[in-house]
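The values are calculated or read from the model by the stated rules, or taken from the named source; none is laboratory data. Just so it is clear, the model here is predicted, and its values are computed rather than measured. So basically every Cβ, Gly included, is an ideal-geometry build from the backbone, and we count neighbours across all protein chains shown.
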């Protein structure tokens, strides 16, 4: 995988989030790509955690201790993720919300484990993350073996007898998701006509589009993020390829339409049921609206991560990360803004969290995503 290093990283910026003049006591890290091509997702994690911390602090914090947020910018780079994790440990952080990318979450989580830090990711979906028998790793999202199965079954149902091209970005997340979708298709007796990997940061996909055109693909499955995904769609349309794109949760940002242009209309996408429409999120969504923030994609998953930490700490009657982790895995459902979440012993949520979306124009003419 091509590594992208971004200069002038703000590795960790502490920001007190609380009421009055009380001093912060409990350090909670928020780690993700605050800069670089995936900064839109980093902003989602940051916004969700900030609102959750503010709401909890207004009610006395976690177990009576006010929350201090410590931000770490990994720029979607695994090496930077490890640096952020070590900095978090050095700063006395006990709980971390993040990281965004699966390929960054994997090495960072090992640093957190070594330093006794509880980690909960709102967005990293690779199955291996929770298959390593680690006490400290959780997520509020689902897994790519579940997501890939939903995508694969949809292709088998809606594109039976059609030609499918599979493209991925060679990352832990992107290739992992593409392979899970491919696996589900193969199980149903369907073979792809093209399987290609691209490099993160590429801008010119004309050779790839020529291969897609030559394959006669009726649908193009994309395992990757919105940045390259948007460029691929735009260049497909420029070369006259009309086949719809299908992607996963990595394109769940309105920036996908900004990058891809009008040609993204008709794109299919797997993601969890829209958390903004969950009745449990109504008050929080209003709070975001008052700040002119659209809590799309992982914003509320990040908010829910803070809720899981707080409720687990309350159940454990402790702020010791290992005791809090035991309380999270106890099987009790936590009432969060994205619905009830219960955890198995691996650190995964027990519900299936994926449905299909389509990108189309809203009443104002803006192209965005709607649940099918």
(message) Quick test for you: out of 96, 70, 84, pick the one residue that is surrounded by 24 or more Cβ atoms within 10 Å (Cβ to Cβ), in the same structural domain as residue 314 (by TED's automatic domain parsing), touching a residue at least 40 places away in the same chain (Cβ under 8 Å) and not in a helix (DSSP H, G or I).
(response) 96
(request) Please enumerate the residues belonging to the stretch 36-66 that are assigned to a loop (DSSP other than H, G, I, E, B) and either modelled with pLDDT under 95 or crowded, with 18+ Cβ neighbours inside 10 Å (or both). (result) 36, 37, 38, 61, 66
(request) Under 6 Å between Cβ atoms, at least 6 apart or on separate chains: pull out the pairs that start in the stretch 342-365 with a residue that is at positive phi and outside the structural domain of residue 135 (by TED's automatic domain parsing) and end on any residue that is assigned to a strand (DSSP E or B) and surrounded by 12 or more Cβ atoms within 10 Å (Cβ to Cβ). (result) 347/137; 347/138
(request) Identify the residue in the stretch 264-283 that is over 19 Å from the mean Cα position of the chain (by Cα) and either in the same structural domain as residue 42 (by TED's automatic domain parsing) or farther than 19 Å from residue 169 by Cβ (or both) and, among all such residues, is surrounded by the fewest Cβ atoms within 10 Å (Cβ to Cβ). (result) 279
(request) At least 2 residues that are crowded, with 16+ Cβ neighbours inside 10 Å and out of contact with any helix residue (DSSP H, G or I) (no Cβ under 6 Å at 6 or more places or on another chain) in each: list the strands (runs of 3 or more DSSP E) lying fully within the stretch 305-372 that qualify. (result) 339-341, 367-371
(request) Among residues belonging to the stretch 99-126 that are over 24 Å from residue 307 (Cβ atoms) and under 18 Å from the mean Cα position of the chain (by Cα), point out the one that is surrounded by the fewest Cβ atoms within 10 Å (Cβ to Cβ). (result) 107
(request) Would you confirm whether any residue within the stretch 4-21 is modelled with pLDDT of 95 or more and either within 29 Å of residue 133 (Cβ to Cβ) or surrounded by fewer than 19 Cβ atoms within 10 Å (Cβ to Cβ) (or both)? (result) no
(request) Would you check if residue 195 is over 30 Å from residue 112 (Cα atoms) and outside the structural domain of residue 115 (by TED's automatic domain parsing)? (result) yes
(request) Take the stretch 112-137 and flag every residue that is outside any loop (DSSP other than H, G, I, E, B) and closer than 25 Å to residue 250 by Cα. (result) 112, 118, 119, 120, 121, 127, 128, 129, 130, 137
